[in-house]
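Asker: Here it is, the structure in full.
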Amino acid sequence: MEKRLSDLKPGEKGVISRVTGEKVTRRRLLDMGLTRGTEIVVVRKAPLGDPIEFLLKGYNLSLRKSECENIYVLLEGEEKE
């Protein structure tokens, strides 16, 4: 099942399936390593839900909730083969 990255809860993990949004925003997210096929784990959310910290490719990355709305993931165990 495909979900937005912003909808995941701490501890959940998935694989990025697509990145959408305006060209500039999309390019910035791709340059940070948020590419299709990358495994990503939600580490924690701030008390008000913004920003959100993720673990991917061996480093931690914090994103605004609005940026996470542009990233779709397949939950672990449901990846397409």
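The values are calculated or read from the model by the stated rules, or taken from the named source; none is laboratory data. Since the structure is predicted, the reported quantities are computational estimates derived from the model, not experimental observations. Positions of Cβ are backbone-derived with ideal geometry, glycine not excepted, and every protein chain shown enters the neighbour counts.
Asker: Return only the number of the condition from (1) surrounded by 15 or more Cβ atoms within 10 Å (Cβ to Cβ); (2) out of contact with any strand residue (DSSP E or B) (no Cβ under 7 Å at 6 or more places or on another chain); (3) not basic (K, R) that D31 does not satisfy.
Answerer: (1)
Yes/no matrix, rows are residues, columns are (1) in contact with a Leu (Cβ under 8 Å, 6 or more places away or on another chain); (2) assigned to a loop (DSSP other than H, G, I, E, B); (3) at pLDDT 90 or above:
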{"residue": "S17", "(1), (2), (3)": "yes, no, yes"}
{"residue": "V24", "(1), (2), (3)": "no, no, yes"}
{"residue": "R28", "(1), (2), (3)": "no, no, yes"}
{"residue": "R36", "(1), (2), (3)": "no, yes, yes"}
{"residue": "I40", "(1), (2), (3)": "yes, no, yes"}
{"residue": "L48", "(1), (2), (3)": "no, yes, no"}
{"residue": "N60", "(1), (2), (3)": "no, no, yes"}
{"residue": "E67", "(1), (2), (3)": "yes, no, yes"}
{"residue": "E79", "(1), (2), (3)": "no, yes, no"}
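Asker: Select from region 52-70 the residues that are surrounded by 16 or more Cβ atoms within 10 Å (Cβ to Cβ) and either of a type in the set (V, I, T) or more than 12 Å from the chain's Cα centre (by Cα) (or both) and list them in ascending order.
Answerer: Hit for region 52-70 is I52, nothing else.
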